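Right, one structure below, let's go through it.
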Amino acid sequence: MNQPALSRVAPGVASRLFHAPAALAIIPLPLATNTPRPAPAAGVLRIPMNFQFEVTPATPIPSSPPPATVAEGVDLLRQMLEVQKEQLKQLRASHDMGGRWKAFLNRWQDEFPDLAGACRKALPAIERAYGQLMAELTDTVRRDGSDALDSDFALQEFLDRYGMRLAQLGTIINLVGPLAEAGPQGESQGEAT
């Protein structure tokens, strides 16, 4: 029985090969391979197979809306500008901490009439205590060197000595300072004279 070689198969013969005798087998091969193809065994015809799939969407694609008129576009831009102005006002109000503290002082003016002045007087003493503690901390680190905080015990002792006091003084300064600045400025000028 004479089997056709791969080089003798002409294009269009593949359709006739499906009716070939049972001794002839067709083995599909992938098209892109980097490995060399082995020589076909006797009675085996290798033909590469190509497939193409086309998928269409199940739902129709909506058409674009008709273009708006120029007047509608201008009106839309004006509305967008008004919304942006409102958002900017809200953003400024939320970031105006001075206004928040002024409102606080005005709201409690009857019960704490001299709160802003008292904060103004107390703030320098609190800042001085904070500065002294920071100076002590930096002197300790400079004196003991950078290796002084390498052990867990030394680090814990350092944090116990300075950490909580600095954190609390910093918080107090961040609360008293804005109240001192939010009060009427005439009080500090009247006290200074």
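The Cα trace of the range 56-125 gives Rg and Dmax of 26.3, 78 Å, the first to one decimal, the second as a whole number. Here the gap between residue 87 and residue 149, fully extended at 0.36 nm per residue and compared with their Cα-Cα distance, gives a gain of 17.5 nm.
Classification of the range 96-188 by its C-alpha gyration tensor yields a prolate form. The axis ratio a/c (a ≥ b ≥ c) is 1.5 or more, and a/b outweighs b/c. Derived scalar couplings between HN and Hα for the range 70-76 equal 5, 5, 5, x, 5, 4, 5 Hz in order, rounded to whole Hz, by the Karplus curve 6.51 cos²θ - 1.76 cosθ + 1.60 (θ = phi - 60°), x for Gly and Pro. In order along the range 95-111, phi translates into HN-Hα couplings of 9, 8, 5, x, x, 5, 6, 5, 5, 4, 5, 5, 5, 10, 4, 5, 7 Hz, rounded to whole numbers, per the Karplus curve 6.51 cos²θ - 1.76 cosθ + 1.60 with θ = phi - 60° and x for Gly and Pro. Residue exposure proxy: 59, 138, ordered by other Cβ atoms within 10 angstrom of their Cβ from fewest to most, comes out as 59, 138. Were the residues from residue 122 through residue 61 laid out at 0.36 nm apart, the gain over their Cα-Cα distance would be 14.9 nm.
If you take all other residues with their beta carbon under 10 Å from the beta carbon of residue 181, and give Lys and Arg +1 and Asp and Glu -1, the sum is +2. Going by neighbour counts of Cβ atoms within 10 Å, the residues 108, 101 line up, fewest first, as 108, 101.
Taken together, the values in this text are just the output of simple stated rules run on the coordinates, not laboratory data. No experiment lies behind these values; they were computed from the predicted model shown. A quick note on method: Cβ atoms are made from the backbone with ideal geometry, for glycine too, and the neighbour counts reach across all protein chains shown.
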